[in-house]
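Everything below concerns the one structure shown next.
FYI, it's all coordinate maths here, none of it is from the lab. The shown structure was predicted, so the numbers you read here are calculated from the model rather than taken from an experiment. Here the Cβ positions follow ideal geometry from the backbone for every residue, glycine too, while neighbour counts run over all protein chains shown.
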Amino acid sequence: MEISSLFLLVFVLGLRHGLDADHLAFIDGQTRYNWRMGSSFSRWVGTLFSLGHGGIVAITAGVLGVLIKNFTFPTYFDTFASWVSIISLFLIGTLNTYNLLRTRKNNEEFQLSGLKGKFIPKLAKGTTNPLLIVLVGALFALAAETVSQTAVWTLAAGNTSEYIPLLLGLVFMIGMMITDTIDSMIVYKMVNDSSKFGAAASRLMGWVIVVLAYSVSLYLAFTFFNPWAELNFEIVGVILFICLLSIFLFVSIKSKKTRSEATLNK
């Protein structure tokens, strides 16, 4: 693979990785918490999270690029990482479906739920300390599927300069940072809108995550047994990013319109 194509692929992988359901769940919860606490960086929670997450990915890629040549992970490692992703996404979809139905029945506020966040200390689950959010992002990067994916494109760099893997890691981080920043801004705009639209938009986002989690889980399971069905990952990543960007634009325009109408009614 040409190095320019590899950089483009890794950037798109970063964009798509930012849509990981566990990422979105943590960013959703922390953005809401920091907004309630009046934190000045509540809309930048996604940026901080992806800085920590992407930083570990870049360091891992740099280390792998320097220390190992012509190395591949055992087949069972990729198999393990794949099934961890499949099962995790399916459970996230199920958990959020349950929460969406329960909160609607009880007329409560809906908040996204993830799996990795369950293992985070309570101190970091509700914090206004930006360094803790960066740290949690770094911890999320230690998952098997993230390490496996990083190794694949690091080794794809072949015998190029030993600095190329590190640069690829930084490009991956930039892609993920763009997606996660947009996500936290969407959540910020939703909670900042006290109208019924804000609550409805939160629930809509929840159903989008449910569909995304189930779809990716079933896709990964199907292609595991039927490799011929694999889609072009660059195209899939771009489509998912465009969907997120469309949600951001819709929420921004609708929120602005709602505020304008509220001002006129006064």
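Along segment 33-50, what does the Karplus equation 6.51 cos²θ - 1.76 cosθ + 1.60 (θ = phi - 60°) give for ³J(HN,Hα), rounded to whole Hz, x for Gly and Pro?
Per residue, the Karplus-derived 3J(HN,Hα) values read 4, 5, 5, 5, 7, x, 5, 6, 10, 4, 7, 10, 4, x, 5, 5, 4, 5 Hz.
Based on the mean of other beta carbon atoms within 10 Å per residue, what is the order of 133-141, 108-116, 223-231, 174-182, most packed first? Mind showing how you got there, number by number?
Numbers: 133-141: 20.4, 108-116: 18.4, 223-231: 10.1, 174-182: 23.3.
In descending order of packing, they fall as 174-182, 133-141, 108-116, 223-231.
Suppose each label sits 7 Å from its Cα in the direction of the beta carbon; what would the Ser4-Val238 distance come out to in nanometres?
Going by the 7 Å Cα→Cβ label model, 1.5 nm.
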